[in-house]
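Undergrad: Questions regarding the structure given below will be posed in turn.
The values are calculated or read from the model by the stated rules, or taken from the named source; none is laboratory data. Quick caveat: nothing in here was measured; it's all calculated off a predicted structure. Positions of Cβ are backbone-derived with ideal geometry, glycine not excepted, and every protein chain shown enters the neighbour counts.
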Amino acid sequence: MITLTIDGVAISVPPGTLVIEAAKQAGVLVPHYCYHPGLPVAGVCRMCLVEIEKAPKLQIACATQVTEGMVVKTQSPQAKDARQSVLEFLLINHPLDCPICDQAGECELQDFVFQEGQAATRYAEYAKRFNPVEDFGPDVLYVPNRCILCTRCVRFMEDVAQEPVLNVSERGDRATIGIHPDARLDHPWAGNVVDLCPVGSLLSKDFLHKARAWELDKSASVCTGCTQGCNVTLDTRENVVVRVRPRPNLEVNQYFICDHGRNNYRWLNRGDRIEAPLVKQDGELRAVDWDEALDRARGLLRGAGGRAVAIVSPKASTEALFLARRVLGGLDWTGAFEVTMGEQAPLAGVPNLALRAERAPNVAGAELLGYTNGVESALRAAESAGVVLVLDEPDLAVPTAGALIYLGTVLPDSARGAAVVLPIANVAEEDGTFVNRDLRVQRYFPAKPAPGMARPAWWALGELLEAGDRPGSAAQAFDLMAGAVEAFAGLSYATLGAAGRKIGQAAGVPV
Amino acid sequence: MGYPHKPHPKETLVLSKHFGDAEARSYKGWVKRGGYEALKQALATDPAALIEEVKASGLRGRGGAGFPTGLKWSFMPQEKKKPHYLCVNADESEPGTFKDREIMRWTPHALLEGTAIAAHAIRAEVAYIYIRGEFTEPLAIMEKAIADASAAGVFGAIKIYVHRGAGAYICGEETALMNSIEGKRGNPRIKPPFPAAAGVFGMPTTINNVETLAAVPLILKNGAAWYKGLCLSNPKSTGTKLFSVCGHVQKPGNYEVTMGFPLKDLLYDLSGGMRPGRTLKACIPGGSSVPILTREETEACLLDYEGVVEKGSMLGSGGVIVFDDSADMVYQIMRLARFYAHESCAQCTQCREGTAWTTKILERILAGQGAMKDLDLLLDLSENMTGKTICVLSDSCAAPVVSGIKKFKSEFEAYITGKKRPVVAA
């Protein structure tokens with residue numbers, strides 16, 4: 001380990017660590033634009049100039065490796081002057097159109113100017129550089145006037161996506177980000193350039209003028225787009241999900257998500273939700289309270305003869321999948337799920353990161369809990385089963401001579417024959433876990449309330465257990481599972497943390 | 001096009017001995033003049049011994065920085081694990097500099113011989129000569145020379161290629177040049193890694209200027225002591241140097257003198273002095289990137305690395321730009337700033353924005369719309385543009401501005417106060 005001092009704080013970091021990363025560990029954020037831990041170092045914005053004792057001039061923290069005994073000063077007068085001058089240079093041609101800029105409130109230019117910039121400009125007399133907005137791709141607009149040429153987007157496309165369609169065109173103060181004349185920014189992971197852009201120069205058309213950054217509530221979640229299990233943040237405004245952004249997890253998705261996952265959020269806001277439990281009375285589904293619906297369901301389960309079949313969604317939480325199995329526990333049980341398939345789209349520059357062909361987040365969880373991938377035989381079994389439980393599979397019709405208990409966010413026509421319909425929360429409305437393709441168990445958190453009387457599936461299913469066994473929280477539901485299913489033994493919400501844990505890790509298997 | 005002037009008696013003809021001699025251009029003509037003997041001898045010599053010999057000669061880089069050549073060669077890895085490369089910087093783009101062009105036009109084989117010797121010394125298989133795109137005549141000459149000499153087999157296992165630039169000043173910066181050779185945009189790279197560790201194609205690379213390499217065969221032929229003896233002032237500056245004199249002199253051109261030669265004599269004797277009735281006002285001694293000298297500084301300046309620094313400037317590339325009393329220093333400095341603003345690669349914030357802003361302020365002063373506070377602003381911007389970027393283009397823009405305001409402030413003030421009529425449109 002190398003020991004150094006940053007702004008008076010002594011720290012020890014591994015050899016090869018960059019000063020800017022060491023500073024983070026010392027609790028010091030060195031202002032920067034071009035540096036991004038997920039991209040090759042460019043060293044061009046010159047914003048992270050810091051004073052290093054014994055160095056003849058200021059050094060950039062993003063390209064300088066730590067050395068033993070190094071003394072770094074980010075707040076020395078020279079370093080502060082240098083940063084202030086970079087901010088002045090960046091602002092002379094910047095339109096300062098923050099009131100109409102989507103980035104305002106989460107803009108690094110705004111933040112650092114606010115933090116240590118000058119109040120007045122010395123550039124007042126000259127016209128600012130102007131270039132028209134360009135349409136770069138299906139979801140990306142380029143506003144060159146706001147661009148500070150940090151080249152994060154160029155490096156992402158070149159080194160991470162490895163589809164180099166962007167470049168720096170022209171020279172000097174005429175330079176802008178250019179796109180290959182015959183290409184579009186339509187790589188399956190291209191949307192990341194919008195997140196990477198530290199200013200409001202690369203914008204998502206989907207999010208354009210939808211919300212101000214300070215109006216957004218942010219919740220940690222896991223993408224439901226495929227089995228990769230990318231960590232995401234759900235941005236909600238007034239309980240409506242308006243944006244999905246990557247949440248860094250170096251073990252799963254680094255700093256990125258694919259466009260499929262980014263754009264696949266509208267279903268979380270569906271307006272046609274089931275808002276009350278329904279029971280069949282006189283051949284019609286009628287809204288009732290939870291007690292009545294749960295009583296009816298318990299009665300059906302208790303009185304069921306013959307086989308029990310569960311058809312579940314691989315987008316359901318691990319907790320719900322476990323409990324669906326448990327409520328059918330005493331019966332001759334068959335469980336299955338079906339996963340939608342799509343085209344695989346890897347992110348070339350990151351090992352083991354791709355939009356996977358299996359387009360559901362919890363395929364591995366369902367398999368670990370004994371569900372069969374493929375519903376064909378389960379559907380056949382359902383026809384003559386005594387009781388059939390369907391967990392949020394609106395696209396699968398499950399004909400049965402027995403009793404159908406349907407737990408869903410929406411009510412498809414095919415489920416209108418159900419004896420009981422229980423309204424459940426979607427992934428944005430509950431606590432839960434998914435198990436990704438590498439058997440990493442990851443938590444997600446609620447971003448908004450469920451509509452009406454809808455409750456999380458773990459709760460609804462838990463209520464179907466015997467009175468003493470019912471979990472009081474998602475964490476307790478998970479604990480029940482950890483106690484019952486070997487694969488989850490030793491895990492708990494506390495040990496999963498924000499980054500998740502691989503199954504087997506607790507038993508000493510490496511991450 | 002012939003060579004325009006006869007040698008002056010005060011010149012020391014070493015590199016330029018054959019300038020104007022068309023026969024020396026050809027392979028046979030060069031061999032007849034003793035060419036390629038040094039290479040033959042070098043190829044039979046241990047690389048380490050070659051490096052020692054060049055170190056002993058005191059030869060320093062002629063591209064501008066003046067780094068000791070032998071020392072630079074010795075930075076190449078001792079244990080060769082990867083291919084080594086030699087790059088020859090023939091991108092001579094520094095305003096006021098046109099010496100390498102003449103070396104390539106008249107003595108292409110001198111450069112090739114030096115290139116092959118250097119390649120052997122650093123154990124490189126391949127050498128790239130990166131020629132400025134506008135140098136069409138030198139390009140054709142170099143290509144023919146390589147073909148002829150290669151056909152004669154003088155380079156042994158060493159392969160020499162010409163790579164033509166596409167007209168960017170910044171590609172003369174060594175790491176931008178390497179990016180350009182690789183087919184990338186000519187942006188300077190952050191250092192470290194230095195070229196000797198990871199240069200062109202990420203391999204250990206040495207890069208030398210044309211004039212530096214052209215001197216190497218003569219050092220081997222005549223001995224390091226001979227070269228070291230070519231010194232009129234400071235023993236740290238040895239050998240001869242080509243100075244390209246342009247501007248307000250009667251006989252502009254390339255002149256070769258021994259290190260330590262008085263700048264005054266270069267201007268008044270070799271270059272024929274000022275035009276009748278005119279007096280010297282200022283001089284940029286080392287290409288457009290170095291600080292401007294006043295008449296007094298110029299006339300007291302000795303032309304070697306230390307002598308020019310002593311007077312507040314740098315020897316640089318040896319491009320001597322002369323201004324007489326008719327010159328408008330504000331306009332000249334604006335032209336320089338405009339050049340740097342045009343050529344900035346746009347990577348570093350200070351350079352991209354600072355060079356353009358500096359130009360705008362100077363243009364405004366020349367349009368009669370400047371204010372006194374603009375001078376302070378220019379100095380402050382220059383300070384912010386110095387020592388803070390990847391390469392020194394930004395510093396180069398600041399140098400003439402700072403020295404210009406310091407030394408010719410009254411000319412700026414004349415525009416600002418309205419004493420002088422505006423010369424550019426507002």
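Undergrad: Looking at the stretch A:117-142 only, could you name the residues that are among the acidic types (Asp, Glu), part of a loop (DSSP other than H, G, I, E, B) and at pLDDT 95 or above?
TA: The answer is A:Asp139, and nothing else.
Undergrad: Considering (1) in contact with a strand residue (DSSP E or B) (Cβ under 7 Å, 6 or more places away or on another chain); (2) without any contact (Cβ under 8 Å) to a residue 60 or more places away in the chain; (3) of a type outside the set (A, V, I, L, M), say which one B:Lys407 fails and leave the rest.
TA: Just one mismatch for B:Lys407, condition (2).
Undergrad: Exactly one of these conditions fails for B:Arg352: (1) within 14 Å of chain A (Cβ to nearest Cβ); (2) over 25 Å from A:Lys128 (Cβ atoms). Give me its number.
TA: B:Arg352 satisfies all of (1) within 14 Å of chain A (Cβ to nearest Cβ); (2) over 25 Å from A:Lys128 (Cβ atoms) except (2).
Undergrad: Conditions: (1) at pLDDT below 95; (2) under 20 Å from B:Arg62 (Cβ atoms). B:Met178 meets all but one. Number of the miss?
TA: Among (1) at pLDDT below 95; (2) under 20 Å from B:Arg62 (Cβ atoms), B:Met178 violates only (1).
Undergrad: May I ask you to verify whether A:Leu268 is at pLDDT 95 or above, crowded, with 16+ Cβ neighbours inside 10 Å and in a helix (DSSP H, G or I)?
TA: yes
Undergrad: Quick check: is even one residue across the stretch A:55-72 more than 12 Å from chain B (Cβ to nearest Cβ), buried (at least 19 other Cβ atoms within 10 Å of the Cβ) and out of contact with any strand residue (DSSP E or B) (no Cβ under 6 Å at 6 or more places or on another chain)?
TA: No, that holds for no residue.
This table checks each residue for (1) touching a helix residue (DSSP H, G or I) at 6+ places or on another chain (Cβ under 7 Å); (2) crowded, with 24+ Cβ neighbours inside 10 Å.
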{"position": "A:Ala403", "(1), (2)": "yes, no"}
{"position": "A:Tyr406", "(1), (2)": "yes, yes"}
{"position": "A:Asp413", "(1), (2)": "no, no"}
{"position": "A:Arg416", "(1), (2)": "no, no"}
{"position": "A:Leu422", "(1), (2)": "yes, yes"}
{"position": "A:Ala428", "(1), (2)": "yes, yes"}
{"position": "A:Arg437", "(1), (2)": "yes, no"}
{"position": "A:Pro446", "(1), (2)": "yes, no"}
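Undergrad: What number of residues within the stretch B:367-379 satisfy the criterion of being surrounded by fewer than 24 Cβ atoms within 10 Å (Cβ to Cβ), more than 9 Å from chain A (Cβ to nearest Cβ), part of a helix (DSSP H, G or I) and touching a residue at least 12 places away in the same chain (Cβ under 8 Å)?
TA: 4
Undergrad: Please count how many residues of the stretch A:178-201 are within 14 Å of another protein chain (Cβ to nearest Cβ) and either at pLDDT below 95 or surrounded by fewer than 24 Cβ atoms within 10 Å (Cβ to Cβ) (or both).
TA: 3
Undergrad: Looking only at the stretch B:313-339, count every residue that is in contact with a Phe, Trp or Tyr (Cβ under 8 Å, 6 or more places away or on another chain) and within 14 Å of chain A (Cβ to nearest Cβ) and tell me the total.
TA: Qualifying residue count, the stretch B:313-339: 1.
Undergrad: Can you run down the residue pairs with Cβ atoms below 7 Å, 6 or more apart or on separate chains, where the first is in the stretch A:114-138 and surrounded by 14 or more Cβ atoms within 10 Å (Cβ to Cβ) and the partner is in a loop (DSSP other than H, G, I, E, B)?
TA: A:Arg129/A:Asn93; A:Phe136/A:Leu185; A:Gly137/A:Arg184; A:Gly137/A:Leu185; A:Gly137/A:Asp186; A:Gly137/A:Ala190; A:Pro138/A:Asp186
Undergrad: Filter the helices (runs of 4 or more DSSP H) completely within the stretch A:289-397 down to those with at least 2 residues that are within 23 Å of the chain's Cα centre (by Cα) and of a type outside the set (Phe, Trp, Tyr).
TA: Helices (runs of 4 or more DSSP H) meeting the threshold: A:318-327, A:363-368.
Undergrad: Can you report the number of residues in the stretch B:184-206 which are small (Gly, Ala, Ser), within 14 Å of chain A (Cβ to nearest Cβ) and in a loop (DSSP other than H, G, I, E, B)?
TA: Going through the stretch B:184-206 one residue at a time, the tally reaches 3.
Undergrad: With respect to A:Asn145, determine if the residue is within 14 Å of another protein chain (Cβ to nearest Cβ), out of contact with any strand residue (DSSP E or B) (no Cβ under 6 Å at 6 or more places or on another chain) and not in a loop (DSSP other than H, G, I, E, B).
TA: yes
Undergrad: Please determine, by comparing only the residues of the stretch A:162-176 that are under 28 Å from the mean Cα position of the chain (by Cα) and surrounded by fewer than 23 Cβ atoms within 10 Å (Cβ to Cβ), which one is nearest to the other protein chains (Cβ to nearest Cβ).
TA: A:Pro164
Undergrad: Moving on to the next point. Which of (1) facing chain A (nearest Cβ under 9 Å); (2) closer than 27 Å to B:Thr175 by Cα; (3) outside any loop (DSSP other than H, G, I, E, B); (4) in contact (Cβ under 8 Å) with a residue 40 or more places away in the chain does B:Val401 not meet, given it meets every other one?
TA: Every condition holds for B:Val401 apart from (1).
Undergrad: Go through the stretch B:19-35 residue by residue and tally those that are closer than 30 Å to B:Phe261 by Cα and surrounded by 21 or more Cβ atoms within 10 Å (Cβ to Cβ).
TA: The number of residues fulfilling the criteria is 3.
Undergrad: Just need a number here: residues in the stretch B:275-310 that are more than 26 Å from B:Gly58 (Cβ to Cβ) and among the β-branched types (Val, Ile, Thr).
TA: So the count comes out to 3.
Undergrad: Mind listing whichever residues of the stretch A:149-161 are in contact with a Cys (Cβ under 9 Å, 6 or more places away or on another chain) and within 11 Å of another protein chain (Cβ to nearest Cβ)?
TA: Listed by number, the residues that qualify are A:Leu149, A:Cys150, A:Thr151.
Undergrad: On the basis of being under 26 Å from A:Ser169 (Cα atoms) and among the charged types (D, E, K, R), does A:Arg83 make the cut?
TA: yes
Undergrad: Same structure, new question: Is it the case that B:Arg364 is within 14 Å of another protein chain (Cβ to nearest Cβ), more than 25 Å from A:Gln78 (Cβ to Cβ) and among the charged types (D, E, K, R)?
TA: So B:Arg364 fits the description; yes.
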